[in-house]
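Throughout, read-outs are computed from the coordinates displayed, never taken from laboratory work. Only a predicted model underlies this, so the values are computations on that prediction, with no experimental measurement involved. Glycine also receives a Cβ, built like all others from the backbone with ideal geometry; neighbour counts cover every protein chain displayed.
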Amino acid sequence: MEQLTYLLFLKRLDELHTRELNRAERTGEPMRRRMFPEGADPKGRSYEDLRWSNLRNKDPRDMYTVMAEHAFPFLQTLGGAQSGDESTYAAHMRDARFTIPTPALLSKVVALLDGIDMDNRDTKGDLYEYMLGKIASAGQNGQFRTPRHIIRLMVELTEPTRDDMICDPRPRCVHPITGRTGA
């Protein structure tokens, strides 16, 4: 599951980079935010090679090498991990490991993920729910997803205000704005 998340994140970074690149070309302005820097990584590989749109077309062995030795280390540096100003993402990635065991498996997973339209917000949740069910850990890890239409209905029914507290089944409540806890 974790490995799928890394691949989906890399795919999403490429989608955002492509949108920004297209915007820059349409307007004639420079890119405001590059997801993939210009130039090469510390091992000399072009950052362009790390983009999903380029990675997906590689030979399985080359794809595996790029992912294991370049793309995954690149993902680990995002979010301020190198600057000391560490984000939640950087803290999570600090101990992350690329563990897809073979080039053939990576190639197969990349091909399958490439065919999924990730623009629909529910698609990601549906994918995770499906995978959790397949690996028989749904419910055991407390990982359940609430579909968007149910979330909208719950919000409409409860009509939350800025002063409301959100309580979970555990004996604590958290104010959604201030983050203060209560009983």
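Distances between placed amide hydrogens fall under 5 Å for ALA40 paired with TYR47, all partners being 5 or more residues away or on another chain.
Residue ranges 155-162, 97-104, 28-35, 60-67 sort as 60-67, 97-104, 28-35, 155-162 when ordered by packing (mean number of other C-beta atoms within 10 Å per residue, highest first).
Model label points for THR158 and ASP114, set 7 angstrom from Cα along the Cα-to-Cβ axis, are 4.2 nm apart. Calculated FRET efficiency, THR99 to THR27, Cβ-Cβ distance, R0 = 41 Å: about 0.50 to the nearest 0.05. Note on PHE9 and THR65: their simple-model spin labels are 2.5 nm apart, each label 7 Å out from Cα toward Cβ.
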